[in-house]
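Right, one structure below, let's go through it.
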Amino acid sequence: MTPALALPVFRILPPEALPALLTVFATALIVYFGLQLVRAEGPEEQAKAQKVLAGCIIAGVLMAIAKPLAYWATGWNPNNNGNLPAELINAVDNLLNLLMYIGVVVVIAGIIYGGIQLAHTKPQSHDTPPDQ
Amino acid sequence: MLLQWILTLLVLIPFFLFLSVLLPQTQWALAIFWLISLTSDLYSTHKFYRENPGQFGQNERNKVFILLTEKLGFKKASAAFPVIFEIPLLLFFALFPLQTLYNYLFQGSPFNFPACLAASFGVAAIGHIQAASKNMHSTTGKSTSPI
């Protein structure tokens with residue numbers, strides 16, 4: 001994601017959640033690329049992964065709308081729960097908010113990544129010489 | 001790069017931290033889960049290492065493990081990798097990134113190092129399970145994509 005495109009994403013999100021979001025993304029990427037002992041992917045598998053992008057965008061949308069949808073469906077109000085400790089309610093609220101922000105970032109990053117992939121693949125198809 | 005697996009890790013990091021703070025008895029379970037998943041990852045990696053040891057540098061994605069294998073051989077590298085690379089990295093995760101996440105989720109609570117360490121073990125365990133699954137599917141000739 002280029003800095004110019006990333007800027008609006010960060011404006012959407014509340015500033016207090018940004019360090020937590022960045023650390024979650026950094027940790028996930030380090031675990032994925034640094035810790036896994038895995039067979040290297042060939043070009044076919046990478047192409048297959050790009051097809052999964054649509055699924056990721058759908059998952060991101062679901063994550064982004066999950067919290068308001070769950071509150072609406074269950075009728076649960078985080079401001080009006082006398083039985084539970086306030087710290088726990090705050091922690092649950094923060095967790096759901098963070099998942100929502102991750103969903104928003106995944107959707108936007110997925111759209112941008114998909115656009116970049118599309119821009120890369122189109123010129124290649126014109127450049128390939130015809131089979132003789 | 002299978003993006004859905006990164007997405008899984010993204011969701012599970014805050015979830016594991018939340019779980020290990022609220023239910024401290026899960027901390028040991030996450031550490032044991034990490035040990036089991038690391039073993040299965042090493043076992044599945046050893047399977048494709050045996051196929052062609054000379055090509056291991058090209059077949060394996062983890063550069064640190066390739067380097068250790070070249071210097072020490074596979075068995076010693078399997079023991080050295082968690083000790084000199086993975087556990088220090090997990091300690092780093094617990095002290096810095098997960099502390100930031102902890103401060104966001106549990107605002108005002110004192111830092112809970114065992115819970116952060118257990119969460120980092122849990123995340124690493126999921127990473128190893130993913131890798132072992134990919135390795136096993138690759139060796140059996142099946143698709144690596146779960147979708």
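Bear in mind that the values in this text are calculations on the coordinates, not laboratory data. This structure is a prediction, so every number in the text was calculated from the model and none was measured. Neighbour counts run over all protein chains shown; Cβ positions are idealised from the backbone, glycine included.
Find the centroid of the Cα atoms in segment B:64-85 and in segment B:1-22, then give the distance between the two in whole Å.
If we compute the Cα centre of each part, the gap is 27 Å.
According to a simple spin-label model (label point 7 Å from Cα along Cα-to-Cβ), what is the distance in nm between B:V83 and A:L29?
3.2
List every residue whose amide H lies under 5 Å from the amide H of B:E60, counting only residues 5 or more places away in sequence or on a different chain, with H placed 1.01 Å from N in the peptide plane.
The list, which skips near neighbours in sequence, is A:A40.
Report the full-extension gain for the segment B:K47 to B:M136: residue separation times 0.36 nm, less the Cα-Cα distance, to one decimal in nm.
In short, 31.2 nm is gained.
For segment B:32-132, what's the relative contact order in percent, using C-alpha pairs closer than 8 Å and at least 6 residues apart?
Across segment B:32-132, relative contact order equals 47 percent.
When the label point is put 7 Å from the Cα of A:A66 along its Cα-to-beta-carbon vector, which residues of segment A:78-116 have a backbone N closer than 19 Å?
A:78, A:89-111, by backbone N distance to the label point.
Modelled label-to-label distance, A:L13 and B:Q25, 7 Å Cα→beta-carbon offset: nm?
3.5
At R0 = 30 Å, how high is the FRET efficiency between B:F92 and A:A40 if r is their beta carbon distance? Nearest 0.05 is fine.
According to the calculation, E is roughly 0.75.
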